[in-house]
Amino acid sequence: MPFDLVLGLPVHPLVVHFAIVLLILGTLGLIAIVLIPRWRGALGWATIALLGVGTIAAFAAKESGQALSERVGLPQEHAEWGDRLFPVSVALLAIALGWYLWQRRSSGAAVTALGVLGILVAIGTIALTTVVGHSGAEAVWASRIATASADTTSPDANQPDTSGGGATITMTEVAAHGTPEDCWSVVDGNVYNLTAWISQHPGGPQVIEGMCGIDATQAFTDMHGGQAEPEQVLAGYEVGPLG
């Protein structure tokens, strides 16, 4: 896949940041040259170029995101917002190029109206780009923050004390915690309380909800086998060994 890996690393994190930076610079440039006519000669084609390359980068981000999703899964919210960015960037590029060429040959209400439309679409693009970047950053860092928080907080009140007396947890006990509101699961012989993680899971809550009350070792291995970060996150929710 051309949008999958480069030197063994995923393409998506690189191109998505590239797209975000270029599109924001291009949109700010468009707003500036529409509002300040004397800047058009110096910044006009540079602005169009930024939007053009940013649009190409948005396409690459979309395709590489799909490739990454097939390989390791991609946060649903981030994927949905990312899919919208490419068509919006194409629309903005078309409006910006049309307005810039038109205003060089003529002036009037129609040209002004197209420029105003360009500003509105540019503002919308900035907002969308910000949401795409934020949702991606949240997907990457939320799990690490959650792990750090889990490591520094005391055990949940509804978790049994397995530190002494040889106490163990049975599958019957795990099955009793089989709802999204009280979700325990077994992975590789250990029991985990995943209740708090359901709403934070980058792939959507339904993935974790399907693990509640059961031995989910195979499901976890199929999705994350050999990946260090998911295993670190999981460790933060450990209750104790399965008896």
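Remark on ASN190: its backbone amide H falls under 5 Å from those of LEU242, a criterion applied only to residues 5 or more positions apart or on other chains, H modelled at 1.01 Å from N.
Multiply the residue separation of GLN232 and MET171 by 0.36 nm, subtract the distance between their alpha-carbon atoms, and state the gained length in nm to one decimal.
Numbers: separation 61, 0.36 × 61 = 21.96 nm, distance 2.31 nm.
Computed gain between GLN232 and MET171 is 19.6 nm.
Each of ASP83 and TRP39 was given a label point 7 Å from its Cα along the Cα-to-Cβ line. The distance between the two points is 3.6 nm. Extending 7 Å from Cα along the Cβ direction at HIS134 and again at ASP182 yields two label points whose distance is 3.6 nm.
A short reminder: the numbers here are calculations on the coordinates, not readings from a lab. Keep in mind it's a predicted model, so treat the numbers as computed, not measured. Here Cβ is always computed from backbone atoms with ideal geometry, including for glycine, and neighbour counts include all displayed protein chains.
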